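Worksheet: one structure, shown below.
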Amino acid sequence: ILIISFGAFWIISLILSYLLTRLTMRPIIKSWKQQSEFVNDAAHELRTPLAIIQGKMEYLLTKPNNTILDEAESISVSLDEVNRLNSLTNSLLELARADSATNKVDFKITKPEFFMSDPIKPFTEIIESQGKHFEIDVNKDVNLKVDRDKIKQLLIILLDNATKYTPKNGTIKISDRADGNKYYITVSDTGVGISDADKPKIFGRFYRVDKSRTKATGGHGLGLSIAQQIVHTHHGKIYIEDNKPQGSKFVVELPIKHKV
Ligand code: ADP
């Protein structure tokens, strides 16, 4: 009996310690895996523009007698790739900063008018110059506790996407609404839209619905990850709604601060 109970005890403690290790290690293993996937994706994104620049530079070295005018195409392609690297590095830094414990957020009680007009103004010009329509319906007078710069950045990401993925003659709209304890910002467009299958994926890092289409629009698939992080820092939500008959609709939900 002693041997059997000792054996049973030994087996049970073995199973328990195995389960405990699995449970406690799972988040760590998951985050290692996520981190290594992230580094892998980031390296891949960095490699493509670097390879193009390297190729162009090596080619230019073989033509020492050519003028800048002769090689304008190679120089301009290299410059485009440098700009791409620049924006990618900024997005990566932004994500790393938002992830880190030292992420500084400057929360202040503020009204929407103090973060809406700065992003809307430049987009009015950009959207109209591209032959698209811009409808603005933002006028809510509520108190929110936000980091204005971060919310401006969030609006720029959503407006930039709406503009990028909407063809000529399309309409981009920004509106706001207050309901009980919540303040909602909606950015909608009549562009290419997002399929139901892609909706849960597009907030993922480096996720792009159509890589060839996005190559033309210059995205890295990081904008919406940054947008989502900003919204979470503000204890809010971001989600996609159907925009019938066509296009996309992004909704940002932020808590209203009633007592100031
Ligand atoms: P990107 O820099 O590629 O735009 P994002 O993270 O901002 O990266 O967006 C991820 C993907 O979601 C985009 O590549 C695009 O396929 C899709 N997407 C985002 N916004 C829209 C939109 N308004 N209309 C259609 N597709 C969109």
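Please name all residue pairs, on different chains or six or more residues apart, with Cβ atoms under 6 Å, provided the first residue is in the range 239-260 and is under 24 Å from Lys201 (Cβ atoms) and the second residue is at pLDDT below 90.
That search, which allows pairs on different chains as well, returns Lys249/Asn243.
Report whether or not Lys150 is outside any loop (DSSP other than H, G, I, E, B) and either open to solvent by 40 Å² or more (accessible area, probe 1.4 Å) or touching a His at 6+ places or on another chain (Cβ under 8 Å) (or both). Let's see the steps before the verdict.
Values: outside any loop (DSSP other than H, G, I, E, B): yes; either open to solvent by 40 Å² or more (accessible area, probe 1.4 Å) or touching a His at 6+ places or on another chain (Cβ under 8 Å) (or both): yes.
Criteria met by Lys150.
Being hydrophobic (A, V, I, L, M, F, W, C), assigned to a helix (DSSP H, G or I), more than 20 Å from Glu241 (Cβ to Cβ) and modelled with pLDDT of 95 or more is the requirement here; does Ile109 meet it?
no
Take the conditions in contact with a Leu (Cβ under 8 Å, 6 or more places away or on another chain), of a type outside the set (S, T, N, Q) and not in a loop (DSSP other than H, G, I, E, B) and apply them to Phe134. Does it pass?
no
Identify, from the list Asn66, Asn103, the residue that is surrounded by 11 or more Cβ atoms within 10 Å (Cβ to Cβ), touching a residue at least 40 places away in the same chain (Cβ under 8 Å) and not in a helix (DSSP H, G or I). Working first, answer last.
Details: Asn66 fails: touching a residue at least 40 places away in the same chain (Cβ under 8 Å).
Testing whether each residue is surrounded by 11 or more Cβ atoms within 10 Å (Cβ to Cβ), touching a residue at least 40 places away in the same chain (Cβ under 8 Å) and not in a helix (DSSP H, G or I) leaves just Asn103.
Looking only at the range 139-168, count every residue that is more than 16 Å from the ligand (Cβ to nearest atom) and more than 23 Å from the chain's Cα centre (by Cα) and tell me the total.
Residues that pass the stated criteria total 5.
Just to check your reading of the model, which residue among Val231, Val252 is in a helix (DSSP H, G or I), more than 11 Å from the ligand (Cβ to nearest atom) and either crowded, with 18+ Cβ neighbours inside 10 Å or at pLDDT below 95 (or both)?
Numbers: Val252 fails: in a helix (DSSP H, G or I).
Selected residue: Val231, the only one of Val231, Val252 that is in a helix (DSSP H, G or I), more than 11 Å from the ligand (Cβ to nearest atom) and either crowded, with 18+ Cβ neighbours inside 10 Å or at pLDDT below 95 (or both).
The values are calculated or read from the model by the stated rules, or taken from the named source; none is laboratory data. Source: prediction; values computed, not measured. Here Cβ is always computed from backbone atoms with ideal geometry, including for glycine, and neighbour counts include all displayed protein chains. These accessible areas exclude ligands, DNA and RNA; they are computed on the full protein's heavy atoms, side chains included. Shrake-Rupley method; radii C 1.70, N 1.55, O 1.52, S 1.80 Å.
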